[in-house]
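Visitor: Mind having a look at this structure? Questions to follow.
The values are calculated or read from the model by the stated rules, or taken from the named source; none is laboratory data. These numbers come from a predicted model, not from an experiment. Cβ placement follows ideal geometry from the backbone for every residue including glycine, while neighbour counts extend to all protein chains displayed. Just the protein is used for accessible areas: all its heavy atoms, side chains included, with ligands, DNA and RNA removed. Shrake-Rupley method; radii C 1.70, N 1.55, O 1.52, S 1.80 Å.
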Amino acid sequence: MGTSSILDGNRFDTGSLDALDPSSRALVERRMNTLGTSYRLFYRRPVQIVRGLGTRLYDAEGREYLDAYNNVASVGHCNPAVVAAVTEQLNTLATHSRYLQDGIVEYSERLLQTFPEPLNRVMYTNSGSEANDLALRVARHHTGGTGIVVTSEAYHGTTASCAEVSPSDGGGDLPGHVIAVDPPNPYRHEGDTSVVDAFAARVTRAFETLRERGHQPAALLVDTIFSSDGVFPVDGALQAAFAAARAAGALVIADEVQPGFARVGTPFWGFARDNAVPDLVTLGKPMGNGVPVAGMVANTEILEAFGRDVPYFNTFGGSSVPVAAAAAVLDEIEQRRLFENAETVGAVVRAGMEELAGRFPEIGDIRSAGLYFGVELVADPETREPATAFAADLINACRDGGLLISVCGPTSSTLKIRPMLTYTRADAELLVERLGDALEVVRRQAKAGVA
């Protein structure tokens, strides 16, 4: 078994139980005795969260944390509009999508209006994992192929078919019908004539190799901001890679589970910020602000044969209550113009981080789109050696200072920061302040030789 950078980069070490206070230790032990060993906890000292409100989380002792990581509650913890919509629907009707209902049709019409014209049909699931699983089924059915290309640190879900196309889940070597290619990374690949062209060329070679192995191309599956790879919103990269995949005879699946629903700002979707149009789009996490709802968007041509040959039904996918939550989330984004807020507040965070980079040479690169940030840390600005240990110390210092973030990338040396769409300028400034304080703490500890 491999080691998962996405799940283990910010992992509580169960061998550190003795370092916890008695109450926390007892709860962790009970958790281990009931949930088993696969479940991971965040941070060296796990946080026992008991309440959330807006952009804040609160622990069992009443301490407040600024949440800059949780992209599920994207329109704020316990958002009143979402709570009201779910409560009203639960008080009225909670049933599946095989009965005729207005809610699912009205929401689908509104959702599809956020997509470019070719993408005009939506199917519902419970989670992003199920959505990606469904997209893979549709791609294989449409192309007749089995070959899948993903990026080297991709994470696309927990079902069997998603796990085998998720190199970062720690499940071991990829199967023969899957090839992983490096993402477009200008910070690490400046020697390439064109980072964009080089990425597309890797996609082309990967599909050629799959053919040589006897696997006809089925799909290129990419997170449109390369979230788990380290966050790379590189202009032109998606356009070039999509063209390469289609030239090989594959469909393009855009995984919008993390960057979608206005996280990247006004474009609304990660693929839209690069003016690229995929064949299939998968949605999840922020779609219901904590209520499990997800989906897959496609066009009539691609879905027609699949729908004819494969009757699809998902008990909870598209059922009354999740759809009510999803509609309320879309209301919040549109009525409060949170896509614009993502850009304006994101610019405040970005400016603050650039100021920090001027004071802390450990910040090697800042990558962002809207309210999604990847901050790569280095041990040496010249060699750009990854600062994995420093990053681990830093996210734990942030936790102790009341800021919740995590890490991503192949060496777990990139800070993964996802402020909520409802962040205010004051929230943004507090995020930068607490990140700066944590950087000072870790630098002092490093100089003093304290782990």
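Visitor: Using the C-alpha atoms of segment 366-433, what convex hull volume per residue, in cubic angstrom, is computed?
Guide: 91 Å³
Visitor: Further question: Calculate I(q)/I(0) for segment 163-227 by the Debye formula, one identical point scatterer on each C-alpha and no solvent, and give its log10 at q = 0.13, 0.21, 0.27 Å⁻¹ to two decimals.
Guide: -0.41, -0.98, -1.24
Visitor: May I pose another question? Taking only protein heavy atoms into account and a 1.4 Å probe, give the accessible area per residue of segment 55-171 in Å².
Guide: 44 Å²
Visitor: Under 5 Å between amide hydrogens, which residues at least 5 positions from Arg11 or on another chain qualify, with H placed 1.01 Å from N in the peptide plane?
Guide: Amide H to amide H, under 5 Å and 5 or more residues apart or across chains, Arg11 pairs with Tyr43.
Visitor: Moving to a separate point now. Which value, in Å to one decimal place, does the Kirkwood hydrodynamic radius take for segment 245-356 when every pair of different Cα atoms is included?
Guide: Result for segment 245-356, one decimal place: 16.0 Å.
Visitor: Under 19 Å from a point 7 Å along the Cα-to-Cβ line of Thr92: which residues of segment 103-146 have their amide N that close?
Guide: Backbone N within reach: 103-111.
Visitor: Got a sec to turn the phi values of segment 226-239 into Karplus ³J(HN,Hα) couplings, 6.51 cos²θ - 1.76 cosθ + 1.60 with θ = phi - 60°, whole Hz, x for Gly and Pro?
Guide: Coupling constants for segment 226-239: 6, 4, 6, 6, x, 6, 9, x, 8, 4, x, 5, 5, 4 Hz.
Visitor: Got a sec to turn the phi values of segment 44-53 into Karplus ³J(HN,Hα) couplings, 6.51 cos²θ - 1.76 cosθ + 1.60 with θ = phi - 60°, whole Hz, x for Gly and Pro?
Guide: 5, 10, x, 9, 8, 7, 10, 7, x, 7
Visitor: Expressed as a whole number of Å, what is the distance separating the alpha-carbon centroids of segment 229-275 and segment 128-180?
Guide: What the calculation gives is 17 Å, centre to centre.
Visitor: Work out from phi, with θ = phi - 60° and the Karplus expression 6.51 cos²θ - 1.76 cosθ + 1.60, the ³J(HN,Hα) of each residue of segment 72-88, listed in order in whole Hz, and give x for Gly and Pro.
Guide: Working through the residues one at a time gives 7, 7, 5, 9, x, 4, 6, 4, x, 5, 5, 4, 5, 5, 5, 4, 4 Hz.
Visitor: In the neighborhood of Leu430, defined by Cβ-to-Cβ distances under 11 Å, what is the net charge if each Lys or Arg adds +1 and each Asp or Glu adds -1?
Guide: So the surrounding residues net to -2.
Visitor: Subtract the Cα-Cα distance of Thr383 and Arg51 from 0.36 nm times their separation in residues, and report this length gain in nm to one decimal.
Guide: Going from the current span to full extension adds 115.2 nm.
Visitor: Still on this structure: Heavy atoms only, probe 1.4 Å: what % of the accessible area of segment 34-171 goes to carbon and sulfur, would you let me know?
Guide: Reported share for carbon and sulfur atoms: 52 percent.
Visitor: Where does segment 29-71 land on Rg/Rh, using Cα atoms and the Kirkwood Rh?
Guide: 1.02
Visitor: In a shell of Cβ-Cβ distance under 15 Å around Pro118, excluding Pro118 itself, what net charge do Lys and Arg (+1) and Asp and Glu (-1) give?
Guide: Combined, the nearby Lys, Arg, Asp and Glu give -2.
Visitor: Something else now. Quick one: what does P(r) look like for segment 353-392 with 10 Å bins over all Cα pairs, in whole %?
Guide: Bin by bin from 0 Å, the calculated values are 32, 54, 14.
Visitor: Next question. Once amide H atoms are built 1.01 Å from N in the peptide plane, which residues 5 or more positions from Tyr187, or in another chain, come under 5 Å H to H?
Guide: Under 5 Å from the amide H of Tyr187: no residue qualifies.
Visitor: What do you get when you divide the Cα radius of gyration of segment 39-117 by 2.2 N^0.38 Å, with N the number of residues?
Guide: 1.52
Visitor: Moving on to the next point. Between Thr300 and Ala347, what FRET efficiency comes out of the Förster formula 1/(1 + (r/R0)^6) with R0 = 45 Å and r the beta carbon distance, rounded to 0.05?
Guide: Plugging the Cβ-Cβ distance into 1/(1 + (r/R0)^6) gives 0.70.
Visitor: Okay, moving on. Roll a 1.4 angstrom probe over the protein heavy atoms and tell me the percent of accessible area of segment 319-444 that is carbon or sulfur.
Guide: Here carbon and sulfur together make up 49 percent of the probe-accessible area.
Visitor: Please say if segment 1-147 is rounded, prolate or oblate, where rounded means a/c under 1.5 for a ≥ b ≥ c the square roots of the C-alpha gyration tensor eigenvalues, and otherwise the choice is prolate for a/b larger than b/c and oblate otherwise?
Guide: Because a/c hits 1.5 or more and a/b fails to exceed b/c, segment 1-147 counts as oblate.
Visitor: Another question, if that's okay. Hey, can you rank 436-442, 48-54 by average C-beta count inside 10 Å, highest first?
Guide: 436-442, 48-54
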